[in-house]
Structures are given as C-alpha cells and as structure tokens.
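Read the structure below first, then the notes.
The values are calculated or read from the model by the stated rules, or taken from the named source; none is laboratory data. Not measured: the values here are computed from a predicted model. Quick reminder, even Gly has a Cβ in these numbers, built from the backbone with ideal geometry, and neighbours come from all protein chains shown. With ligands, DNA and RNA removed, areas are computed over all heavy atoms of the protein, side chains included. Shrake-Rupley method; radii C 1.70, N 1.55, O 1.52, S 1.80 Å.
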Amino acid sequence: MADTGTDTWWRGAAIYQVYLRSFADGNGDGIGDLAGLRARLPYLAELGVDAIWLNPWYPSPMADGGYDVADYRAIDPSFGDLAEAEAYIEEAHALGIRTIIDIVPNHGSDQQDWFVQALAAGPGSAERERFLFCDGREGGLPPNDWQSIFNGPAWTQVADGQWYLHLFAPEQPDFNWRNPEVVEEFHAILRFWLDRGVDGIRIDSAAVLFKDLDCVEESYTDHDDVHEVYRGWRRITDEYEGRFLVGEMWMPDQERFALYLRPDEMQTAFNFDFLSRSWDAAELRASIDLTLTTHVPIGAPPTWVLSNHDVTRPVTKYGRPDTSFSHQDRKHGMQTDPVLGERRARAAALLAMALPGGLYVYQGEELGLPEVEDLPDHLLQDPLWVRSGGTDRGRDGCRVPIPWSGKEPPFGFGAGTPWLPQPADWKNLTVESQQADQNSMLALYRDGLKLRRTHLGDGTLTWMDSAEGVLAFTRESLTCITNLTAGAMNLPPHTEVLLTSAPLEEGKLPTDTTAWLR
Ligand code: GLC
Ligand code: CA
C-alpha cells in the first residue's frame, strides 16, 4: 500500500470523491458545504480513505454543477470561503487525509471577469484573444458546424456579431490555449492552490484544450499540442513535495491515452475503460489486461473507477439487461433489478479494490445508492437535460444528497430541504443504518479498504488458471476470485477466506460474488 510518508503516496491510494453540494449541509440551506464536510471527516477517516477529491468548489453560477468556474482563486459562498477551505485542508491532513482539487482548464464561465472584459473590449482585442472568438460564415452561420458535448451548436453569437466556442454549455466559454496569457494564468492558479496545501490536481476534460477551428470535422479531442501544457504543469507540481496530477480523459485509444502518462506529464489518469464494460468475465479481464499493459511498462499506476458524478450508479447499471455504460447511451428508464445490481456492485467493488494501483470511490457508492431515475423534471439541473429537449435525463440521478441518518428525508443531510429530493425508501441505505449492519455495503467497503491497505500495494497481478467465466489472480499475499458463471464454484483448497462480497453457500463461491483468500 502507498506509504503515506513518501512522495508517491498516490500510487496505491484509495481516493474518495466528494461532490460537495450533495455531501453534507452544515448551514441548513439544502446545499452541501465545507462545514458539512468538516463535520463528516471522521466518517471518511474511519472508512479508510487516503484522500478526498473535491469537485469544483469555486464561485460559479452553477450552469454545470460548478464546472463553470467564475473565479479560480476563491470558494463559492454557498460552500464557505477561502479561510474555511484552508482550515478544512489542515483538518483533513491531521486525520491523515489528503486533498485533491478539480481544475477546469478547457473553459471558464460567462460570468468570469475575463469573459465579461472580452465582451466589452470587442473584436480584435487582446481580451478576446483569451477565448476562441471568430467571425461567422456568410448567411449568419457559425464559424463551423461543430456540436457541443451538451447538445446544440458549439458556438454562440454575441451582440457585435462574433461567435465564441464552447464545447460544453454556452455558459462555459472555451479558453484559447495558444495564448501564452492563458498558459501563465493557469500556472499561477496551480501555484495558488499548491501553496495552500492541496495534494493533487484533477484535470477536467484534459484532452480537449486544443482545437483546429478550420477543421470541418469535430476533431477537438486529443490534439498533440496539449502535451506541452501538462509538461508545464508537471514541472510546477514537481516543485512541491508529494503532489500529483490525475487527468480526466474519455479516450477509446489506449495508446494515445498512455501518452498523457509519460514521465514528464501526468502521474495518473482515470481509467474509464473498466466502468464502461459489461458484467462479463471476458470483458473485464480484457479491460484489466489492457489497463495493465498500458500503464505498467511506463511506470504509471493504473486507477480503478466504478463510478463518479457523471455516470450511472453501479447498483442500477449492473442490474440492467445491458450492463455496459457509455455517455452516448445512458439508458435512462431501462428496467433494472436492484437485488442483482447490488450483488454485482458488491462483487465489482471487491474486485476493483484488489487490483493494483489507485482506487476512486464516489460518495454514496460505498452505501450502494441507486441512480434516482424518477426525479421530477422541474428539479433537474444538469445542462445535459436542460439542453437535450427532454431526451436525456442527464446526470442528476447520481448526484442526489447523501442519506446520513434517520428514517425520512432529509436523512441527516442538513436542516433544510436538499437541493434534489432523496427517495423516501433510502432509510435502509443511511450511513447510520449501514453502520449497524455487518453485511451492509458500507461494511464491505470499510473491511475491503482496511485489508487492501494491509495486504496490497501498487505493483501488478498474476492471473491463475481458471474456468471460463471466472476471474482469478494473485497479488502479493492475497488471492482474488470473482465468479461470473451461472453457478456456484469450489474454492481452492487450504485457503483462508478473508472477505467475500456475498456469503459462501455450502463452502462454495456463489454466482456474481468475489472472494479474497489467503
Ligand atoms: C467533466 C466533468 C463533468 C463536466 C464536464 C465539463 O467531464 O466531470 O461533470 O460537466 O467535464 O466541465
Ligand atoms: Ca449549505
């Protein structure tokens, strides 16, 4: 396991993702905040995580849940203030928990000073050069036909006739990364937060910073020029002890992906291949092998992600007839079997915890929260929903506030009405009720994380011979077996069972179950 005293602690770390506005509300306004998080730090220490990754906490009009950043050097007043953020970082450190913050380099907010100045200064100004403003084509058409990732054209026209590019919502204007001022500004922002003690930087939408605007095709991901940006970021983080970068790149091509993990670029990146695959032994094995062959030879630790604030909750996903995931097909409204889903989510969690490298756990994953698929339309906020004309219900269903205690909403989230309603039947999913139950999802995560810390480090794995439909490998002192066949299977003789995701049946490992053996 990561030695927290060295500068590469992140190689095998278990990192817990806090979506601040849905974690815990300290002041009763229905929105999670730093006061709420500080009060719940002991819970995270007991859960056994090494670090917290916080989604953007900056002042934001919240057109995209904080990914529309209006000021990169401050905290949104609904979350707290800078002094409180510093107090939180220190308090977490005292409990042995490090902090990773989210930096959003591709785009800012239309409410940010820079953008307001760019609008005022007009075409041809240095202020406009910080963004991607262009003249349109004849006939009132935008500069090209690119579509935004959040639906609709990727261009919005301003009063003087020019258009600006936004790969996401119109409230998120893209920066011009060919402008040295932008490069320098982000260097200063990195230093601002590293100086305040943050231990890591999550780089949002890391592959899309550079675009060739005269391209007819939407070729805006993974431009070669982006690597120089991360070399610069790496030089800065290397000036500080024990800090690291983790990139968010949704890229199908693993060889291109690995380029971001070269020794002078990011140390780590989220591995989304694993969460995209269906619940099938050959699929998962292929994903694990692919991940290891991309990472191990270049010395980068793999990461394992079962969920985050952008994807369907595992319990719901794994209960569906089609268990794969893709952003293009979020499968809203597809029928799901929650019992089967939970069983598989438990097995997947123990499997992911046994794999070499870093682990990310998204808040509520450890409680087995399902996707909330029946949120009332008028409460949905995700721009994916707002801009889809009702065809995509978006990502709010995995962002519902955490149930902490009690028998009815708001389940101890805070004194006020949560910004998204919690299902009334979450009373058995609260932290309080799961803490009292040794067989709960929470107990599985706590036990797994503890054992993982004792037995496992970064490194690699050795596959064992096994029947079709079974994943079996050894890691240091531990053997991990996941049974994805339709029936129960025998365990190897003379082994001590350390942990299972479901009880053994007459000494056999049942279907959709993972066991850790010694
Ligand atoms: C990343 C974030 C997502 C956000 C998008 C635009 O994918 O994870 O939540 O909407 O970037 O910033
Ligand atoms: Ca609050």
Residue within segment 478-488 that is open to solvent by less than 80 Å² (accessible area, probe 1.4 Å) and without any contact (Cβ under 8 Å) to a residue 24 or more places away in the chain present: yes
Pairs, first in a loop (DSSP other than H, G, I, E, B) in segment 147-158, second open to solvent by 40 Å² or more (accessible area, probe 1.4 Å) and not acidic (D, E), C-beta under 8 Å, six or more apart: S148/R387; F150/R387; N151/R387; N151/G389; G152/R387; A154/Q147; V158/L119
Filter result for the condition that a residue is aliphatic (A, V, I, L, M) and free of Cβ contacts under 8 Å to residues at least 40 places away in the same chain, over L245, L284, L290: L290
Pairs with Cβ under 6 Å, 6+ apart, first in segment 10-34 and within 7 Å of ligand 2 (Cβ to nearest atom), second open to solvent by less than 10 Å² (accessible area, probe 1.4 Å) and not in a loop (DSSP other than H, G, I, E, B): D25/G36; G26/G36; G32/L20; G32/S22
Segment 454-476, residues that are open to solvent by 70 Å² or more (accessible area, probe 1.4 Å), of a type outside the set (D, E) and either under 15 Å from N490 (Cβ atoms) or not in a loop (DSSP other than H, G, I, E, B) (or both): T454, T462
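Determine whether segment 23-34 contains at least one residue that is crowded, with 20+ Cβ neighbours inside 10 Å, among the aromatic types (F, W, Y) and modelled with pLDDT of 95 or more.
Within segment 23-34, one or more residues are crowded, with 20+ Cβ neighbours inside 10 Å, among the aromatic types (F, W, Y) and modelled with pLDDT of 95 or more.
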Complete set of residues in segment 239-290 that are over 16 Å from the mean Cα position of the chain (by Cα), under 15 Å from V226 (Cα atoms) and not in a loop (DSSP other than H, G, I, E, B): R256, F257, A258, L259
Residues of segment 85-118 that turn out to be away from ligand 1 (no atom under 14 Å from the Cβ) and either surrounded by fewer than 16 Cβ atoms within 10 Å (Cβ to Cβ) or not in a loop (DSSP other than H, G, I, E, B) (or both), as a count: 20
Single residue of segment 360-409 satisfying the filter (out of contact with any Leu (no Cβ under 8 Å at 6 or more places or on another chain) and of a type in the set (A, V, I, L, M)) that is surrounded by the most Cβ atoms within 10 Å (Cβ to Cβ): L384
Of all residues in segment 128-139 being touching a residue at least 12 places away in the same chain (Cβ under 8 Å) and part of a loop (DSSP other than H, G, I, E, B), the one that is most open to solvent (accessible area, probe 1.4 Å): D135
Number of positions in segment 13-62 that are touching a Ser or Thr at 6+ places or on another chain (Cβ under 7 Å) and either of a type outside the set (D, E, K, R) or within 16 Å of ligand 1 (Cβ to nearest atom) (or both): 8
Any chance L132 is modelled with pLDDT of 95 or more and either acidic (D, E) or under 28 Å from D392 (Cβ atoms) (or both): yes
In segment 423-453, the residues that are of a type outside the set (A, V, I, L, M, F, W, C), closer than 19 Å to P401 by Cβ and either more than 25 Å from the chain's Cα centre (by Cα) or open to solvent by 70 Å² or more (accessible area, probe 1.4 Å) (or both): D425, K427, N428, E432, S433, Q435
